[in-house]
Amino acid sequence: MKNKILKILGIVFFAAFTLGFLTGAITEFTLSKDYKVVSEVYTVKQGDTFMDICIEYRKRDERDPYIFEYMDEIRRLNPAVDENKSQLSIGDELNIQYKVKK
């Protein structure tokens, strides 16, 4: 009986995981079809913080991503920022991307 319950739970978990994965893939495909990527280079000025820059550019992203997802995306595009724990220096250049409707 215990093994049967575990098998059923395993099947339910696998089905939920697969459905979530497929839904995410379909959503990303739809987003990539409806949006275009805008790339910019931002030069850090005195008083800028990583969070402030992320918040400002997130406002331009018409998908309205969560701020932490957006911060991770900017770190992915700028590996040096991640290595420095988001410490910026005046004159640093950040590659930034956001999506707008086509």
Output for region 50-81, where each listed residue is farther than 19 Å from Lys101 by Cα and open to solvent by less than 20 Å² (accessible area, probe 1.4 Å): Phe50, Ile53, Cys54, Met71, Ile74, Asn78, Val81
Cross-chain or 6+ apart pairs with Cβ under 8 Å, region 72-89 first and under 15 Å from Val41 (Cα atoms), then small (Gly, Ala, Ser): Arg75/Ser86
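Only one of Ile90, Ile74 is of a type in the set (A, V, I, L, M, F, W, C) and farther than 30 Å from Asp34 by Cβ. Can you tell me which?
Ile90
The values are calculated or read from the model by the stated rules, or taken from the named source; none is laboratory data. From a predicted model like this one, the values you see are computed outputs, not experimental measurements. FYI the Cβ positions are ideal-geometry reconstructions off the backbone, even for glycines, and counts take in every protein chain you see. To get the accessible areas, we keep the full protein, side chains included, count just its heavy atoms, and leave off ligands, DNA and RNA. Shrake-Rupley method; radii C 1.70, N 1.55, O 1.52, S 1.80 Å.
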